[in-house]
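Working notes, structure below.
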Amino acid sequence: MYNREEITPWPHELPANAPLNMQMMKKYRTEDEISDIACKEIQAVYYGMISKVDNMCGRLFKVIEDEELMENSIIIFWVDHGDFAGQYGLVEKWDTSMNDCILHVPQILYAPGLPQGKRISSLTEHVDIAPTILDILDIEQDWGIHGKSLLPVIDGIFEKDAVYADGGHEDEMHTRFSYDKKIPDDDKNKPLNAKQVTYRENPDSMARTSMVRTNEWKMVIRLRGGNELYNMVKDPYEMNNLWGDSTYNAVIMELQQKMIEWNLRTYTDRPRQEFVGA
């Protein structure tokens with residue numbers, strides 16, 4: 001569907017000051033060097049997959065229209081994550097990779113009464129979806145939902161100043177992780193078993209990780225080191241990790257404060273109690 005020769009490949013070298021997880025993925029999951037030709041092929045296939053999903057969604061929406069159900073339906077399209085499609089010379093994903101190509105996913109929302117054809121670039125999170133549905137249905141939000149309704153965002157009266165994500169395994173998982181699967185050492189089996197190999201050879205690449213992202217900055221903190229800081233305006237492809245440069249200490253302190261406050265907001269929840277004493 002897509003002409004490889006007309007595709008401009010994304011940067012496919014590792015970023016400067018690359019974190020451990022990306023180094024290990026490069027070592028165990030892909031070749032040391034990946035060519036422009038290979039990157040164009042990966043992108044072309046990726047674009048084709050997106051076009052197929054787009055076509056299938058269109059067919060589904062047409063059925064809803066043909067059944068005259070649009071005015072009685074809420075339709076939400078989103079995905080759990082993106083993939084590396086040649087960026088940094090990598091493919092697929094990794095649980096502690098917080099790059100925008102992994103986390104910046106499409107979301108389409110349709111509901112009767114909402115503006116149609118409006119494109120919004122505000123920062124949002126997956127945890128916003130449930131409160132949005134409740135808001136559309138005029139159902140009071142219950143205890144323990146961390147997200148915020150997107151209806152004020154759609155109306156242009158509210159924007160989040162930061163969004164967050166986390167991933168990776170706690171330390172105890174290192175000893176519980178299953179290595180029973182026989183993993184051949186020859187490279188021809190690398191694509192089949194590479195994730196198992198990466199975790200087996202370097203479990204620290206899966207260490208607990210948290211991210212805070214604003215419109216301008218992204219900071220990633222890991223329990224086993226390999227922290228990251230990117231200026232997302234000047235460096236949208238995240239090719240220059242600024243962590244360790246004292247010039248940005250004030251930026252890091254501000255982002256760390258946001259992350260601490262996010263932890264306080266989200267880590268203290270307990271099961272709902274109808275009556276709470278002093």
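The values are calculated or read from the model by the stated rules, or taken from the named source; none is laboratory data. Bear in mind that the values here come from a model prediction, so they are computed numbers and not experimental data. Note: ideal-geometry Cβ built from the backbone for every residue, glycine included; neighbour counts use all protein chains shown.
Data for the structure
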read-out: Which listed residue, of ASP185, ASP204, ASP135, ASP166, is at pLDDT below 85 and of a type outside the set (Ser, Thr, Tyr); value: ASP185
read-out: Every residue from segment 13-32 that is part of a loop (DSSP other than H, G, I, E, B), more than 19 Å from the chain's Cα centre (by Cα) and buried (at least 17 other Cβ atoms within 10 Å of the Cβ); value: ARG29, THR30
read-out: Total residues in segment 213-247, condition of a type in the set (Ser, Thr, Tyr) and either buried (at least 17 other Cβ atoms within 10 Å of the Cβ) or not assigned by TED's automatic domain parsing to the domain that holds ASP166 (or both); value: 2
read-out: Matching residues, segment 223-252, being more than 24 Å from GLY89 (Cβ to Cβ) and among the polar types (S, T, N, Q); value: SER246, THR247, ASN249
read-out: Among the candidates ILE102, ILE120, ILE129, residue that is of a type in the set (Val, Ile, Thr) and farther than 27 Å from PRO11 by Cα; value: ILE129
read-out: Leading residue by the ranking (modelled with the lowest pLDDT) among those in segment 36-78 that are surrounded by 13 or more Cβ atoms within 10 Å (Cβ to Cβ) and either of a type in the set (Gly, Ala, Ser) or outside the structural domain of GLY117 (by TED's automatic domain parsing) (or both); value: ALA38
read-out: Selection status of ASP100, over 30 Å from LEU134 (Cβ atoms) and either modelled with pLDDT under 90 or surrounded by fewer than 17 Cβ atoms within 10 Å (Cβ to Cβ) (or both); value: no
read-out: Count of segment 119-133 residues which are assigned to a loop (DSSP other than H, G, I, E, B) and closer than 12 Å to PHE158 by Cβ; value: 4
read-out: Only one of LEU90, LEU109 that is crowded, with 16+ Cβ neighbours inside 10 Å and either more than 15 Å from MET25 (Cβ to Cβ) or of a type in the set (S, T, N, Q) (or both); value: LEU109
read-out: Single residue of segment 223-278 satisfying the filter (among the hydrophobic types (A, V, I, L, M, F, W, C) and more than 30 Å from GLU13 (Cβ to Cβ)) that is modelled with the lowest pLDDT; value: ALA278
read-out: Residues of segment 142-153 satisfying the condition of being crowded, with 16+ Cβ neighbours inside 10 Å and either within 9 Å of SER122 (Cα to Cα) or among the small types (Gly, Ala, Ser) (or both); value: GLY147, SER149, VAL153
read-out: Total residues in segment 101-143, condition acidic (Asp, Glu) and touching a Lys or Arg at 6+ places or on another chain (Cβ under 8 Å); value: 3
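Yes/no per residue for (1) touching a helix residue (DSSP H, G or I) at 6+ places or on another chain (Cβ under 6 Å); (2) free of Cβ contacts under 8 Å to residues at least 12 places away in the same chain:
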site: VAL79; (1), (2): no, no
site: LEU90; (1), (2): yes, no
site: PRO106; (1), (2): no, no
site: GLY113; (1), (2): no, yes
site: HIS126; (1), (2): no, no
site: PRO131; (1), (2): no, no
site: LEU134; (1), (2): no, no
